[in-house]
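This report refers to the structure that appears directly beneath it.
The values are calculated or read from the model by the stated rules, or taken from the named source; none is laboratory data. On a predicted model such as this, the values are computed, not experimentally measured, just so you know. Quick reminder, even Gly has a Cβ in these numbers, built from the backbone with ideal geometry, and neighbours come from all protein chains shown. Just so you know, the surface numbers come from the protein's heavy atoms only, side chains and all, with ligands and any DNA or RNA stripped out. Shrake-Rupley method; radii C 1.70, N 1.55, O 1.52, S 1.80 Å.
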Amino acid sequence: MATKIIIIDDHQLFREGVKRILDFEESFEVLAEGDDGAEALALVGQHKPDVVIMDINMPEVNGVEATRTLIEQYPDTKVIILSIHDDENYVTHALQSGALGYLLKEMDAEELVEAVKVVAAGGSYLHPRVTHNLIADYRRLSNDDGKGKGFQQTEVVRPLHLLTRRECEVLQLLADGKSNRGIGEALYISEKTVKNHVSNILQKMNVNDRTQAVVTAIKKGWVEVR
């Protein structure tokens, strides 16, 4: 069955661009569009979508407030926040409101489609640069003894018992905040090949999404935090 989607953004041209990208996917069906958080609640009640793509900055009711209310009323609905901000505070508030995805508006079409598929399946998806920033915060805070020493990483041990050498390279680039396109360019491979490697990594690591893979890899010392 098609993934049913509602798009909420107060910029009509941007909203129409998102809709055009999603309409190319046979497995997606855009049910409705709106331009405010209050309208989002009404449209979700009317259409019962699987995924809501929600702008964070809107008049009247913003995306975070709308997401919090929406999740309370319709807990099965999954929300992806759209934003121009990669600041940790914005991301944290969005995730605390119940959103499962956070995309920067500079995303490419592939990232949008992948995010919808991952979130619709119950996973979480963060824009690669957002993931990188959260990792940087982890680096500053992890193992902090209160004396300013911050994160001190021991020697990196690649998980060659679990992943191939190429998959280890892809995992490191995921931790560096690279998108599929960026990984492909770095390794001189196609985006399709990158997708296959990422899928294999998630399966072998028994995690649901890229963010979980990176966090797990950092905790186990499998990637360099840089």
Taking the Kirkwood radius as the inverse of the mean 1/r across Cα pairs, report the Rg/Rh of the chain.
1.00
Give, to the nearest whole percent, the P(r) tail of segment 3-136 beyond 23 angstrom, counting all Cα pairs.
21
At 0.36 nm per residue, and after removing the present C-alpha to C-alpha distance, how many nm does the segment from Glu16 to Lys220 gain when stretched out fully?
69.2 nm
In a Gaussian network model over the chain where Cα atoms closer than 10 Å are linked, find which of Ile21, Ile81, Ile201 has the largest mean-square fluctuation.
Ile21
Once you charge only the Cβ atoms, +1 for Lys and Arg and -1 for Asp and Glu, what is the size of the charge dipole of the chain about its Cα centre, to the nearest 20 debye?
1260
Give the ranking of Phe28, Phe14 by solvent-accessible surface, highest area first, calculated with a 1.4 Å probe.
Phe14, Phe28
Exactly which GluC sites (Glu not before Pro) in segment 60-114 are in a DSSP loop and have at most 11 other Cβ atoms within 10 Å?
Glu106
Scattering profile of segment 165-220 at q = 0.15, 0.18, 0.31 Å⁻¹ [log10 I(q)/I(0), Debye over alpha-carbon scatterers]
-0.35, -0.50, -1.41
Tell me, what HN-Hα J-couplings in whole Hz come from the Karplus equation 6.51 cos²θ - 1.76 cosθ + 1.60 at θ = phi - 60° for each residue of segment 56-70, using x for Gly and Pro?
7, 10, 9, x, 6, 10, 7, x, 5, 4, 5, 5, 4, 5, 4
From the backbone phi of segment 19-29, what are the Karplus-calculated ³J(HN,Hα) couplings (6.51 cos²θ - 1.76 cosθ + 1.60, θ = phi - 60°) in whole Hz, Gly and Pro given as x?
4, 4, 4, 5, 5, 6, 8, 5, 8, 10, 9
Karplus 3J(HN,Hα) series, Hz, for segment 71-78 with 6.51 cos²θ - 1.76 cosθ + 1.60 (x for Gly, Pro)
5, 5, 8, 10, x, 7, 7, 10
